[in-house]
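All of the numbers you see were taken from the coordinates with simple rules; none came from a lab. Remember, predicted model here, so these are calculated numbers, not experimental data. Here the Cβ is made from the backbone with ideal geometry for all residues, glycine too, and neighbour counts use every protein chain on show.
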Amino acid sequence: MTRVLVTGSAGHLGDALVRTLRKEGADVMGIDLLPSHTTDRVGSITDAVFVREVMEGVDAVLHAATLHKPHVATHPRRAFVDTNVTGTLVLLEAAVHAGVECFVFTSTTSTFGRALSPPPGAPAAWIDEDVVPIPKNVYGATKTAAEDLCALVHRDHGLPVVVLRTSRFFPEIDDDPDKRRTFTDPDNLKAIEFLYRRVELADAVAAHRLAMAKAPDLGFAKLIISATTPFSRADAAGLGSDAAAVIEARFPQVDAVFAARGWRLPARLDRVYDNTRARTQLGWTPRFDFAHVLARLDAGDDVLGPLAAEVGSKGYYRSAAESLAP
């Protein structure tokens, strides 16, 4: 049986990975700085002795531990370097030493940074793996650096590594005060994000599990993990100038579904994440897209799925958003 090490097991994704693997009877160890029901060992990924201990006998690593973008408001830059860069390097080196068969690194679409923000009225940015990241904060910079370390260790030691640039999957309110003022119901914004910048937690878990299985054959890969967009590159101009019209043309039922909740459509979308490469290389078939979400809403269900509800809120995202009041 494959033994899996999950880092960041007390966080959203780590929690979801551990509980999903455990339900299937997998041999999994969760590690985190925080104790939780999904954490087997409490310790830091920057502690080389601790990491060497927990890495013994491990076949696969799912590295989800990180300081996130919302922590930019609450943590010093050095903390991001320590956790996101040094911690990743410690894990990679321990994985090589232990003869681990594959390493999956949870990165973020935030690495693209300023490439995600075209000027007002310009076409929406079409984001695939060929777009060059332009980090705009320490979170994006350190995750990009960690990706480079993954590539370096793969080249130097042959460790199979898959980097997954995940879009947002947190259930907490948005950390952008302008978005919170525009979309007063947080679920309104989450539903819209499935058009271009959100992935359902269960779909993110599925992508990680597939990456773990495919890593030995892929060697090294860097893939965007986001819900399948209904748009094409030809829609970019319309999305940048009148996104509501483009959405209504594609989904005639959206006005009725949204009106029943007092929701609104966005005036424009600044970017669209293209997950084609992940679907092709991993055989990943994410279930949640905007059409699926509309069907759930029409049936009276929540925007997010049952796994997201089961994992629940972790609180740190809310705290960061509150620190950026109003």
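Table for the structure above
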{"item": "Hydrodynamic radius by Kirkwood, which averages 1/r over all alpha carbon pairs of region 3-323, in angstrom", "result": "20.0 Å"}
{"item": "Under 12 Å from the Arg277 label point (7 Å along Cα→beta-carbon), backbone N, region 116-146", "result": "127-133"}
{"item": "Lysine pairs within region 3-323, Cα separation less than 14 Å, 8 or more sequence positions apart or different chains", "result": "5"}
{"item": "DSSP loop GluC sites (Glu not before Pro) with at most 13 other Cβ within 10 Å: longest gap in the chain", "result": "57-326"}
{"item": "Extension gain (nm, one decimal) between Lys136 and Ala299, 0.36 nm per residue minus Cα-Cα", "result": "54.7 nm"}
{"item": "Bins of 10 Å from zero: percent of alpha-carbon pairs in region 140-201", "result": "19, 34, 24, 17, 6"}
{"item": "By average C-beta atoms within 10 angstrom, highest first, the peptides 69-80, 204-215, 228-239", "result": "204-215, 228-239, 69-80"}
{"item": "Highest-MSF residue in the chain out of Ala299, Ala308, Ala244 [GNM, Cα springs under 10 Å]", "result": "Ala299"}
{"item": "Fluctuation leader among Val161, Val303, Val153 - the chain, Gaussian network, Cα springs under 10 angstrom", "result": "Val153"}
{"item": "Mean separation of Cα contacts under 8 Å, 6 or more apart, over the residue count of the chain: relative contact order %", "result": "19 percent"}
{"item": "FRET efficiency, Arg261 to His97 (Cβ-Cβ, R0 51 Å, nearest 0.05)", "result": "0.45"}
{"item": "Separation in nanometres of the label points that stand 7 Å from Cα toward Cβ, at Lys23 and Leu152", "result": "3.9 nm"}
{"item": "Dipole magnitude of region 1-106 about its Cα centre (Cβ charges: Lys, Arg +1; Asp, Glu -1), debye to nearest 20", "result": "380 debye"}
{"item": "Alpha-carbon radius of gyration plus Dmax, which is the widest Cα pair, for region 231-324 in Å", "result": "16.0, 40"}
